[in-house]
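Engineer: Below you will find the structure I want to go over with you.
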Amino acid sequence: MACLIAGFWLVTRLTRRTVQLDSGYHIVMGTYARIVAVAEESQTAVRSIDAGLKQLTRIDCVMSDYKPDSQLSKVNRDAYKRPVKVSRELFEVFARSTEFSKQTDGAFDITVGPLVDLWRQAGEANQMPTEQQIVDAEARVGYTKLLLDASENSVRFAVEGMRLDLGGIAKGYAIDKAVEAMKKSGATGGMVDVGGDIRCFGLPKNRKHWLVGLQDPNELGPEDPNQRVLWLGAGAIEAEQTLMRLKLNDAAVATSGDYQRFAVIDGRKFSHIINTQTPAAESELPSVTIIAPTAVEADALATAVTVLGAEKGLTLIEQCQGVEAILISSRTDSKPIATSGASTYISR
Ligand code: AMP
Ligand code: MG
């Protein structure tokens, strides 16, 4: 009898058709987002795409510093005057960010806001900031000046004029939340892509891995789409357009770099990713890709390694369990350098 039931179960499993649905591109978090869901029924796939997209939009509303009514904007306005109570998840992002700051010796630092503003304005005016402006901004930056109270879920600034910027971590956090929601809605597999930061789980239809293509930074200009890593679904892009293909199962990948967002001042190129420990914002690495179990780790560490540079960055990532890095360290030569375990993800 048990054998008969097992046989029936197997036949049902084998004959059941898997559905794979693609949301197409949506504009969320100031970039393009796309979700693919795999499920046993199309209704489930639709439901899990909706659930994933809802999470992305919701988190954008909490963590955007462009939206004046977001929780993050409220923190930036009031946290010097008084402690600001925030939601558990925003507090969690602040706490994780502080852990990443400690882990990366301050390379990753969400208090970078005043320096981001300074360099953005300098780029717009095509004029280098003065020494004094840099010193003033630096005095308002530093993760130890962000005071977190876990018992109250509240946050306070130690110095007036601080500004938190979650641009280096919010996408990753949102992707992880979207994946969680998709699984809860019944998807057996899926892929969430927000501006080229990607996490996948389960299996795509009729394939053993999710294949993503890593773009060659030296082949891309600022006018190219805001995608540095692309899901290679149904032959969406040809192999020759990518530097390499990564095969992923239950993993996330994020790329940071200066080749799409930067400021040019007096002909010098300055990255939007800022080293808070040195006054100049000129960056060394055109492209840093991190593969990690979760998107929040991949996102934050990609930003951090861009600041740390190739040598320190690779040393750091070699020490992180389950995390790999692929770097392009030259603006003319696209030959990648990678951590020792990265080759297991590279499909060609
Ligand atoms: P990403 O594309 O994930 O590397 O994030 C880059 C964004 O993170 C920038 O546009 C800034 O908003 C923010 N950012 C810049 N420098 C840093 C830094 N050192 N640590 C954390 N976030 C940063
Ligand atoms: Mg990042």
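Engineer: What number of residues within the stretch 169-196 are in a loop (DSSP other than H, G, I, E, B) and over 23 Å from THR111 (Cβ atoms)?
Structural biologist: Within the stretch 169-196, residues that are in a loop (DSSP other than H, G, I, E, B) and over 23 Å from THR111 (Cβ atoms) number 5.
For (1) charged (D, E, K, R); (2) free of Cβ contacts under 8 Å to residues at least 12 places away in the same chain; (3) in contact with a Ser or Thr (Cβ under 6 Å, 6 or more places away or on another chain), each residue gets a yes or a no:
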| residue | (1), (2), (3) |
| --- | --- |
| MET63 | no, no, no |
| LEU72 | no, no, no |
| ALA79 | no, no, no |
| ARG82 | yes, no, no |
| LYS85 | yes, no, yes |
| VAL93 | no, no, no |
| SER101 | no, no, no |
| PRO114 | no, no, no |
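Engineer: Is there a residue in the stretch 161-181 that is touching a Phe, Trp or Tyr at 6+ places or on another chain (Cβ under 7 Å), of a type in the set (D, E, K, R), at pLDDT 95 or above and away from ligand 1 (no atom under 11 Å from the Cβ)?
Structural biologist: No, the stretch 161-181 has no match at all.
Engineer: Continuing with the same structure: Tell me which residues, restricted to the stretch 65-90, are surrounded by 20 or more Cβ atoms within 10 Å (Cβ to Cβ) and assigned to a loop (DSSP other than H, G, I, E, B).
Structural biologist: Within the stretch 65-90, ALA79, VAL86 qualify.
Engineer: ILE5 - would you say it is assigned to a helix (DSSP H, G or I), over 17 Å from the mean Cα position of the chain (by Cα), modelled with pLDDT of 95 or more and more than 13 Å from ligand 1 (Cβ to nearest atom)?
Structural biologist: no
Engineer: Could you tell me which numbered condition GLU124 fails, if it satisfies all but one of (1) farther than 30 Å from THR44 by Cα; (2) in contact with an Asp or Glu (Cβ under 7 Å, 6 or more places away or on another chain)?
Structural biologist: Evaluating GLU124 over (1) farther than 30 Å from THR44 by Cα; (2) in contact with an Asp or Glu (Cβ under 7 Å, 6 or more places away or on another chain) leaves (2) as the failure.
Engineer: Mind listing whichever residues of the stretch 158-191 are in contact with an Asp or Glu (Cβ under 9 Å, 6 or more places away or on another chain), open to solvent by less than 20 Å² (accessible area, probe 1.4 Å) and under 24 Å from ALA79 (Cα atoms)?
Structural biologist: Those that are in contact with an Asp or Glu (Cβ under 9 Å, 6 or more places away or on another chain), open to solvent by less than 20 Å² (accessible area, probe 1.4 Å) and under 24 Å from ALA79 (Cα atoms): LEU164, LEU166, GLY168, ILE169, ALA170, TYR173, ALA174.
Engineer: For PHE108, state whether it is part of a helix (DSSP H, G or I), at pLDDT 95 or above, out of contact with any Gly (no Cβ under 6 Å at 6 or more places or on another chain) and within 16 Å of ligand 2 (Cβ to nearest atom).
Structural biologist: no
Engineer: Given (1) farther than 30 Å from ILE35 by Cα; (2) over 18 Å from the mean Cα position of the chain (by Cα), where does THR104 come up short, assuming only one miss?
Structural biologist: The single condition THR104 does not satisfy is (2).
Engineer: Please work out which residue is farthest from ARG199 (Cα to Cα), limiting yourself to the stretch 36-50 and to residues that are open to solvent by 10 Å² or more (accessible area, probe 1.4 Å) and among the hydrophobic types (A, V, I, L, M, F, W, C).
Structural biologist: Ranking the candidates gives VAL46 first.
Engineer: Moving on to the next point. Looking only at the stretch 40-60, decide whether some residue is outside any helix (DSSP H, G or I) and modelled with pLDDT of 95 or more.
Structural biologist: Checking the stretch 40-60: at least one residue is outside any helix (DSSP H, G or I) and modelled with pLDDT of 95 or more.
Engineer: Inspect all residues belonging to the stretch 91-101 and state whether any of them is over 22 Å from SER256 (Cα atoms) and at pLDDT 95 or above.
Structural biologist: Checked against the condition, which is being over 22 Å from SER256 (Cα atoms) and at pLDDT 95 or above, the stretch 91-101 yields at least one hit.
Engineer: Select from the stretch 282-329 the residues that are more than 11 Å from ligand 2 (Cβ to nearest atom), of a type in the set (D, E, K, R) and more than 24 Å from GLY123 (Cα to Cα) and list them in ascending order.
Structural biologist: Once the filter is applied, which keeps residues that are more than 11 Å from ligand 2 (Cβ to nearest atom), of a type in the set (D, E, K, R) and more than 24 Å from GLY123 (Cα to Cα), the stretch 282-329 yields GLU311, LYS312, GLU318, GLU324.
Engineer: Now for a different question. Considering only the stretch 91-116, how many residues are open to solvent by 40 Å² or more (accessible area, probe 1.4 Å) and within 20 Å of ALA79 (Cβ to Cβ)?
Structural biologist: Within the stretch 91-116, residues that are open to solvent by 40 Å² or more (accessible area, probe 1.4 Å) and within 20 Å of ALA79 (Cβ to Cβ) number 3.
Engineer: Among the residues of the stretch 292-316, write down those that are more than 15 Å from ligand 1 (Cβ to nearest atom) and open to solvent by less than 20 Å² (accessible area, probe 1.4 Å).
Structural biologist: Answer for the stretch 292-316, where residues must be more than 15 Å from ligand 1 (Cβ to nearest atom) and open to solvent by less than 20 Å² (accessible area, probe 1.4 Å): just ALA310.
Engineer: Let me ask something additional. Being free of Cβ contacts under 8 Å to residues at least 24 places away in the same chain and open to solvent by 70 Å² or more (accessible area, probe 1.4 Å) is the filter; apply it to the stretch 132-146 and report the residue that is farthest from ligand 2 (Cβ to nearest atom).
Structural biologist: The residue in question is GLN132.
The values are calculated or read from the model by the stated rules, or taken from the named source; none is laboratory data. Treat the numbers as computed from the prediction; the structure is a model and nothing was measured. Neighbour counts are summed over all protein chains in view; Cβ atoms, including those assigned to glycine, are modelled from backbone coordinates with ideal geometry. Note: accessible area is taken over every heavy atom of the protein model, side chains too, but ligands, DNA and RNA are not part of it. Shrake-Rupley method; radii C 1.70, N 1.55, O 1.52, S 1.80 Å.
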